[in-house]
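The values are calculated or read from the model by the stated rules, or taken from the named source; none is laboratory data. From a predicted model like this one, the values you see are computed outputs, not experimental measurements. Backbone-built Cβ (ideal geometry, glycine too); neighbour counts: all protein chains shown.
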Amino acid sequence: MDNSFTLSNNTTTHNFTSIFYEIDPRKLKPHPRNDLIYGKEEDASELVKLIKYSNQIRPLVVTKEGIIVSGHRRWQAALQLGWKAVPVEVREFDDELAELHTLLLENANREKNREQKVREGQAWLEVESDAARKRMSNGGKKSAPGRPARKDEKGVENFPHLCLSSTSGKTRDRLARKVGLGSGRTYSKALKVVEFIDEQESLGKPEIAEEIRQTLNLKSVDAAFKAFQYSKKHPQSTEDNQNIEESFHTEHLLSQHPIRKSCWNCQHKTDSVDNQHIHCNKHGILSTIEKSGRERGQDCPQWRDRYSFPEQLKNPCFAIQLLLPVEWQERLEESAAFIDMDAATWIVNLVGRNLARNYDHLNFQDAILR
């Protein structure tokens, strides 16, 4: 099959302000910068359904060589639907940066993940830096006679003539606003993460790159930046990289030594009741007089590290404050001690037994015995 892109004499045209051609989509090629910015594996499934239903497609913008500048997902949808022709508008561009500029503008309103936003920001920097240099040249804003221009005078951090949405602040702040990625600080962190992803892929470590990518796009910039920093300090094989972020969160606690089991660092322990009792989501209120929290943790078969994944509680609790007459305190504590309970646990059992009598269809047994 001939994949060369030519405008034949029998090509269909339409009477619009601009001339639009209908071209076999198999003769078109994706723009290389589109793949670098937005990725090669774009999901066009929803667009396929929409185009199939409407049987219409908005014209693609292509170069005279058949390179797609705008409409890559529409092109993918047409290929999947088996279309033999798609409408295109052929434009001439001054140079590759002009193509890139149009590509960015055409994708301005699309939904993007954080990695794509960072890559867009770098492309905008490239386009606008070139435009700024041209304006300076055209306006005669060159170095003083006899003094050669210095590259370091075009620093990224202080580039006041970038034509972005605002001319104030540092370039990274303007880029962050341009692509919708928060502050310049956030953009800078995300950029380092994306550069690390590219580095890992170039080193033949796609699993590490994908792990960091997923953290960046599905969690947060900060989480990805921490995982990136940890990976830089502790290079690992791809097989050991499944728990990068989890390892980072526990690194400062572990310090290469296991945590000693204790109620104080168990996820089941909630707020302390008072100086002598703690509340455990597994076992209710526990006294720390006879055994310390560390001793209880060492003996507890259900002890869990506070940074491990929490399990759903079978008997979640709610807190209620009781204001009892002070003269009851001594008798209440004596009654509870007689059956080897603390006062709070004894009250819980009393309430539970009474509720069980009044509502036989409800199961209070677990709550009473907890």
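Details
- For region 85-124, a residue qualifies if it is of a type outside the set (Asp, Glu) and assigned to a loop (DSSP other than H, G, I, E, B), and the qualifying residues are 85, 91, 93, 107, 108, 109, 110, 112, 113.
- Scan of region 192-209 for residues that are closer than 16 Å to residue 119 by Cα and either surrounded by fewer than 19 Cβ atoms within 10 Å (Cβ to Cβ) or of a type in the set (Ser, Thr, Tyr) (or both), ordered by number: 192, 195, 198, 199, 201
- Within region 168-210, restricting attention to residues that are among the basic types (Lys, Arg) and assigned to a loop (DSSP other than H, G, I, E, B), the residue that is farthest from residue 223 (Cα to Cα) is 170.
- Among the residues of region 1-58, those that are closer than 20 Å to residue 98 by Cβ, modelled with pLDDT of 85 or more and outside any helix (DSSP H, G or I) comprise 28, 29, 30, 31.
- Looking across region 207-218, the residues that are in contact (Cβ under 8 Å) with a residue 12 or more places away in the chain and not β-branched (Val, Ile, Thr) come down to 207, 209, 211, 213, 216, 217.
- Sole exception among (1) crowded, with 19+ Cβ neighbours inside 10 Å; (2) farther than 23 Å from residue 28 by Cα; (3) not small (Gly, Ala, Ser) for residue 133, by number: (1)
Results for (1) assigned by TED's automatic domain parsing to the domain that holds residue 223; (2) modelled with pLDDT of 75 or more; (3) over 30 Å from residue 213 (Cα atoms), shown as yes or no for each residue.
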{"site": "245", "(1), (2), (3)": "yes, no, no"}
{"site": "273", "(1), (2), (3)": "no, no, yes"}
{"site": "285", "(1), (2), (3)": "no, yes, yes"}
{"site": "297", "(1), (2), (3)": "no, yes, yes"}
{"site": "308", "(1), (2), (3)": "no, no, no"}
{"site": "342", "(1), (2), (3)": "no, yes, yes"}
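- Within region 22-33, residues that are hydrophobic (A, V, I, L, M, F, W, C) have Cβ atoms under 8 Å from residues that are part of a helix (DSSP H, G or I) in these pairs: 28/75, counting only partners at least 6 apart in sequence or on another chain.
- Residue within region 70-81 that is farther than 24 Å from residue 122 by Cβ and either outside any helix (DSSP H, G or I) or at pLDDT below 90 (or both) present: no
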